[in-house]
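Read the structure below first, then the notes.
The values are calculated or read from the model by the stated rules, or taken from the named source; none is laboratory data. The structure presented is a predicted model; accordingly, all values stated were derived computationally and were not measured. Virtual Cβ from ideal backbone geometry, glycine too; neighbours counted across all protein chains shown. We work out accessible area using only protein heavy atoms, side chains counted, and drop any ligands, DNA or RNA first. Shrake-Rupley method; radii C 1.70, N 1.55, O 1.52, S 1.80 Å.
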Amino acid sequence: LSQYVYRLGSAGIKQGPLTLRAADAIAAERVTVANDATAMAADPGTVITSKHWYLVDIRGGTGAYVSLYNPTRAGITATVRSSLSTGRGPWLQQTIPSQTEVRVSLASLPAALSSAEVDATGPIVAGEVWHPSGRSPAAAIGGTARGTQWTLICGGRGTSDTLSVFNPSAAASTVIVHLAGYRRHATWNVTIPPHGRYSRLLDPLVPEGG
């Protein structure tokens with residue numbers, strides 16, 4: 001077993017996507033550390049491309065983007081459909097040139113938390129970027145799967161922890177949430193409208209440390 005760490009240099013390199021090709025199976029992630037070493041974020045990346053992506057937690061307003069990367073040799077058109085707590089929100093469409101990343105600004109969307117679906121005419125990689133003024137940027141790759149059972153690991157100590165659930169179906173969905181903290185358990189039900197989104201801050205439910 002061995003590990004290789006490569007430190008990215010210029011700001012221009014840091015802004016673009018990374019692709020890796022290996023002779024044998026590997027695991028990789030991109031790690032971002034704040035200049036003062038007070039925060040760190042790790043993105044494990046993805047080994048797949050898809051024509052359909054789910055972005056469960058996006059933020060509208062200034063400094064918010066959906067990142068669309070086209071690794072193919074042909075242009076692709078992608079449609080970003082936002083969803084609010086009550087259902088469908090505005091949508092945006094973007095053409096992505098061959099082997100190019102395009103960032104679609106969400107400044108025109110409501111600043112409130114929301115979700116989004118991305119439909120594309122070809123296989124792409126979709127994610128979200130949030131770069132609030134004066135603060136470190138955050139980025140995450142979206143997901144391609146949906147299911148009736150999910151398990152989410154615990155949040156970190158001293159951070160704000162929020163549960164976000166997106167219902168991409170054309171019918172309402174009732175979700176049973178069970179939070180199993182070290183010192184407190186909680187269970188509740190919520191019905192999410194078609195193409196709607198549910199969000200709840202978990203901090204008041206779980207004391208610090210569990």
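Scanning region 27-48 for residues being of a type in the set (Ser, Thr, Tyr) and modelled with pLDDT under 75 gives a total of 2. If you go through region 77-99 one residue at a time, do you hit one that is touching a residue at least 24 places away in the same chain (Cβ under 8 Å) and at positive phi? Within region 77-99, one or more residues are touching a residue at least 24 places away in the same chain (Cβ under 8 Å) and at positive phi.
Restricting attention to region 91-100 and to residues that are open to solvent by 50 Å² or more (accessible area, probe 1.4 Å) and either among the polar types (S, T, N, Q) or in contact with a Cys (Cβ under 6 Å, 6 or more places away or on another chain) (or both), the residue that is farthest from Ser199 (Cα to Cα) turns out to be Gln99. Give region 1-26 a look and list any residue that's open to solvent by 100 Å² or more (accessible area, probe 1.4 Å), under 17 Å from Ala42 (Cα atoms) and modelled with pLDDT of 65 or more, or say none. Passing the criteria: Gln3, Tyr4, Val5, Tyr6, Arg7, Leu20, Ile26.
Listed by position, the strands (runs of 3 or more DSSP E) inside region 91-172 whose residues that are modelled with pLDDT of 95 or more number at least 3 are 113-130.
Among the residues of region 73-90, those that are part of a loop (DSSP other than H, G, I, E, B) and either among the small types (Gly, Ala, Ser) or surrounded by 14 or more Cβ atoms within 10 Å (Cβ to Cβ) (or both) comprise Ala74, Gly75, Ser85. Of the candidates Thr62, Thr79, the single residue that is within 20 Å of the chain's Cα centre (by Cα), modelled with pLDDT under 80 and more than 23 Å from Asp161 (Cβ to Cβ) is Thr62.
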